[in-house]
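The values are calculated or read from the model by the stated rules, or taken from the named source; none is laboratory data. Note that the structure is a prediction, hence the values are computed from the model and not measured. Every residue, glycine among them, receives a Cβ derived from its backbone with ideal geometry; neighbour counts consider all protein chains shown. Accessible surface is based on the protein model in full, side chains and every heavy atom, while ligands, DNA and RNA are left aside. Shrake-Rupley method; radii C 1.70, N 1.55, O 1.52, S 1.80 Å.
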Amino acid sequence: MDRPSSGMKNRVLEGFCLFKLQLADLLNYNASIRLATIWNYPSAFRDSLRSGNADVGLSMVEKMVERGDITSDDVSTLTDALRKCELNGVATEVEKIFGENSSQADLIQPETNRQSEDEKEAMRQCEEHGNALSTLLQATEELGRKMEVPTPTGSGMNTLTKHRRERKEVEQELLLLKSSSLESIDTTEAFIHENQPYLSALQHSETRNRIRQLRKSLDRSLELSRKQLDDLTDQLLKLRTESPPQVEAVEPINLNCVTIKATDSKDKQLSIIDQLKEASDKGSPIRMLRLVTTFKTIHENGNITLSSGVLLPFLSTLAAFVIWTEKGRVLTEAEFSGLLKYGCKSSRIEEFTFQYCDLPSLTGTSSREVLKELQERGAKVKWCDTGHCLSTSAGSWEMGTIDWVREACGAGVVMYKHWRKETLHLQIKMLEFATEKEIPIRLVNLNRCYSSITSDGSNIILQSGQSLPAMSSVKIINITTEDGRLIPEDEFARLLDYANQSQAIKDLRFQECELPPTVSASTISSEIKSKNFKVSWLTTGHRLNLHDRTWQIDDMDAIRESCRLGVVIYQQCSSHMQTLQMHLLTVASQNNIPIAFISLRMSYRAVDATTGSIILESGVMLPRLSSLSELGINASGSELTEEDVNGLMDYSRQCSKLNFFWCFPPWSVSTHARPHSKRQVHWDPEDKDVFTLDSASSRWVNEETRMALTEREYQDMLIRFRLKWK
């Protein structure tokens, strides 16, 4: 082995190595989990910490070094995070040991008048053995990662052959590593044994402290090396006896249009990204990349982290970048600019398209650079929700070409309550332009932004105060109100007149509102009857027969659509509306139509002990439904009894999820009420954490920390809950 350099840089790094070892001892499970959470470390890494299969402190330190959260000359990022986690004592101790080890250059500076040649030689040998074992640890950890052979993607014999070849290579590496590693371990143990008396009798405190810390490092490395080698051997034996994992067939991507969805598995996303990166590296053109509600973080430098935690690499041959966000997401100028920067990393970028989001103008000084890049590339930025395009010279929005407006209107227009007034203004402007040019408008969806309608039925007033005039070319109008709002018959009649002013109207839809149970003859004009467009009450799955003015359920497609959207049952809605909803759900269940979810919004009273049906506050009964996937109990301010939980557990046996929102169930659930093995039970008390019911212990477990809720913590939460809802 080469003798370590005695330069100041090496001594600082040695001090940092000692600091890392002491830091690993200092970071317990709780501190590591909190830090990993606040820094948004990948979920796979957080899961490995919780599993207990690795040294938590050491794993956390390695990850912090890898991500640059601690360096040899700065740990302020770590100490700031610890204080945010209310771990002030740990933060202070970190600063102390970092300060001590930062001065190691002075402590180990050779002083010929204080250290004998034997002492220096002992220290040198300790450091050499420490370096050797550090290299050994890195090798075993790298081999350990290879032993965790991922599920192959692709299809056919090539994948199977590749998997077998990987196993063979790992086996050969392990044999070579064990041979050299065991020799290194034996040599180190012999050195410690032979020098034990001398190392214990050193006289100078600086040297003794240095040797003691190095010995601690050696002992720890020896233990970890032996354990990791044993674990690797066990894994290899297991791999030899196991059959290759199931191969998930992933079709080769079509570079003309590549889509990454949030609903795709992480493995599928990684497979698509690998193929994209390979195409980009080879210079193959990628005509279009479309992200469908997938990104979680947009960094200022243009990096994009998907919701799965996967980092999307830059693609140098990308021509068109399409973004579909979570519906209604409001992007900040920094996020919008970051997405544009990502695309501009490609020298071939031509076009950006955004949909289902609220975009700002780019008027800030930080956006000038990306506007300049867009100008240089001649790239267009199109906003489908408004039919507008970005002016790369001014950073503002301008009406697009008539073809672009026609394309935007063909996709449909959704207007959200929480969007900026400027965005709603652009949408209204586009709809007026489309009406003037007789451009067909497939859909106008007023998502919780509807306020009222004028007395003559000519304009809808939005909650922002803006007016949306009647449109002569719209085909479908969808009005989604808030929390079971009642629309009286006179207002309902004016909405029918509003829709009737369109020559193309096919369907007037209502969601999450209560409509009149009966409709008088004067409400429906002869002109409306002659057009015979649909009036759909999606919340109940019923449609209004314009001739006999009754609500009917005679269309299986309408039932499927209502059940796909899920059914919300509000406390304030009439028993008539709830009865219609029960009719819908019963017909769906009898015909095996999947019901996405049922949410009981303050409408739950109890579970009938005889029939097992749920009794609503109105007295209406919710029968058992064999095709229900998810049940949500939103009982704001209510404290549920064990009888409530037992009954709901029994009712939802066939469901995949049972969710409790803004209510308080018991601290633990009795044995007979434990959840079914295939069903997840969640509890969101609207505090700061979300919990899952553990089927083995019948206790609530924090979804983030994976720690069981203690009785003391439960009582503290209950006090806060009662204070909030009293």
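For the stretch 328-439, the spherically averaged projection of the C-alpha convex hull amounts to 6.6 nm².
These residues, 650, 385, go from largest to smallest accessible area, 1.4 Å probe, as 650, 385. Net charge of the neighbourhood of residue 36, taken over other residues with C-beta under 9 Å away and scored Lys/Arg +1, Asp/Glu -1, is +3. Amide hydrogen proximity for residue 485: with H placed 1.01 Å from N in the peptide plane, the residues at 5 or more positions away or on another chain lying under 5 Å are 514. Relative to the Cα centre, the charge distribution of the stretch 548-706, modelled as +1 at Lys and Arg Cβ and -1 at Asp and Glu Cβ, gives a dipole magnitude of about 340 debye.
A simple spin-label model places pseudo-atoms 7 Å from Cα toward Cβ; at residue 552 and residue 345 they are separated by 5.8 nm. When nucleic acids and ligands are ignored and a 1.4 Å probe is applied, residue 555 ends up with an accessible area of around 40 Å².
The order of 351, 95, 514 by accessible area, most exposed first and with a 1.4 Å probe, is 95, 351, 514. The slack between residue 696 and residue 606, meaning 0.36 nm per residue of separation minus the straight C-alpha distance, is 29.8 nm. Summing +1 for each Lys or Arg and -1 for each Asp or Glu among the other residues whose beta-carbon sits under 12 angstrom from that of residue 532 gives +3. Please work out the C-alpha center-to-center distance from the stretch 622-637 to the stretch 503-561 and express it in whole Å. Here the two parts' Cα centres lie 27 Å apart. The heavy atoms of residue 560 offer some 120 square angstrom of accessible surface to a 1.4 angstrom probe.
Of the two radii for the stretch 272-390, the radius of gyration is 0.93 times the Kirkwood radius, both from the alpha carbons; that is the Rg over Rh value. Residue 418 contributes about 110 Å² of solvent-accessible surface, heavy atoms of the protein only, 1.4 Å probe. Across the stretch 542-550, rounded Karplus estimates of 3J(HN,Hα) from the backbone phi angles (6.51 cos²θ - 1.76 cosθ + 1.60, θ = phi - 60°) give 9, 10, 7, 6, 5, 8, 9, 6, 10 Hz, Gly and Pro being marked x.
How would the stretch 562-602 be classified by its alpha-carbon gyration tensor: rounded, prolate or oblate, with rounded meaning a/c under 1.5 and the a/b versus b/c comparison settling the rest? Oblate, since a/c reaches 1.5 and b/c is not below a/b. The stretch between residue 40 and residue 251 holds 72.8 nm of extra length on full extension. This uses 0.36 nm per residue minus the Cα-Cα distance.
When 71, 579 are compared by accessible surface with a 1.4 Å probe, the order from highest to lowest is 579, 71.
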